[in-house]
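This report concerns only the one structure given below.
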Amino acid sequence: MLKDFSRSMRLERSLHKEIAAIIQQKIRDPRLNSLITIVEVKLSTDLSYAKIFFTCLYDQDKRRIQLILGILQKATGFIRSLINKNIYLRIVPNLCFIHDISFSKGILISQLIEKSKFY
């Protein structure tokens, strides 16, 4: 049985792919040399705001996370202009980048579980 996917879900997927490609290929900031992964894109109901959840290779270094977050927030205009060129949208959503810590928390919890098995 096939599920019906709403327009917002399809748009979230296409924005996810497009933003990941833009960050990896188009943004040439040397301070952004760590590996950044776009985890999820969530759109508001009116499709005018998008929360982009990302994680990076150095999740423990808070200063580096703040630096990466600042770079991404300064590049939102550039990213929105490239999205406008590649995806037909009447309104290009405002982008809000959020650091996602769920992956690092999951690794920590699994390590604690593995450690507790030996006791």
Quick one: angle between helix 62-74 and the longest Cα principal axis of the chain, in degrees between 0 and 90, rounded to 10, please.
-> 10 degrees
Roughly how many percent of the accessible protein surface of the chain is carbon and sulfur, given a 1.4 Å probe and a whole-percent answer?
-> 56 percent
Which one is right for this structure if volume of the Cα convex hull per residue in Å³ is calculated from it: (i) 110; (ii) 135; (iii) 145?
-> (iii)
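Taking the Cα centre of the chain as origin, sum charge times position over the Cβ atoms of Lys and Arg (+1) and Asp and Glu (-1), and report the length of that vector in debye to the nearest 20. Can you show the working numbers first?
Numbers: 20 positive and 10 negative charges, 41 e Å.
Using only the charged Cβ atoms, the result is roughly 200 debye.
Using a probe radius of 1.4 Å on heavy atoms only, what accessible surface per residue do you get for the chain? Whole Å² is fine. Walk me through the numbers before you get to the answer.
Numbers: 8740 Å² over 119 residues.
Each residue of the chain exposes 73 Å² on average to a 1.4 Å probe.
Averaging sequence separations of C-alpha pairs under 8 Å and six or more residues apart, then dividing by the length of the chain, give the relative contact order as a whole percent.
On the way: 113 pairs, mean separation 29.8, N = 119.
The value is 25 percent.
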Given R₀ = 22 Å, FRET efficiency for residue 66-residue 25 by Cβ-Cβ distance, to 0.05?
-> 0.40
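Quickly rank 16-22, 56-62 as a protection proxy: mean count of other C-beta atoms within 10 Å, highest first. Intermediate values should be presented prior to the final figure.
On the way: 16-22: 17.3, 56-62: 12.6.
Going from most to least packed, we get 16-22, 56-62.
Would you compute, from DSSP H runs of 4+ residues alone, the mean residue ellipticity of the chain at 222 nm, taking -39500 (n - 2.57) per run and dividing by the full residue count, rounded to the nearest 500?
Working: 4 runs with 59 residues, N = 119.
It comes out at -16000 deg cm²/dmol, rounded to the nearest 500.
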Using 7 Å Cα-to-Cβ label points, what is the residue 112/residue 7 separation (nm, one decimal)?
-> 4.4 nm
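The values are calculated or read from the model by the stated rules, or taken from the named source; none is laboratory data. Just so you know, these numbers come straight off a predicted model, no measurement behind them. Cβ sites come from the backbone with ideal geometry, for glycine too, and all protein chains shown count toward neighbours. Only protein heavy atoms, including side chains, enter the accessible area calculation; ligands, DNA and RNA are left aside. Shrake-Rupley method; radii C 1.70, N 1.55, O 1.52, S 1.80 Å.
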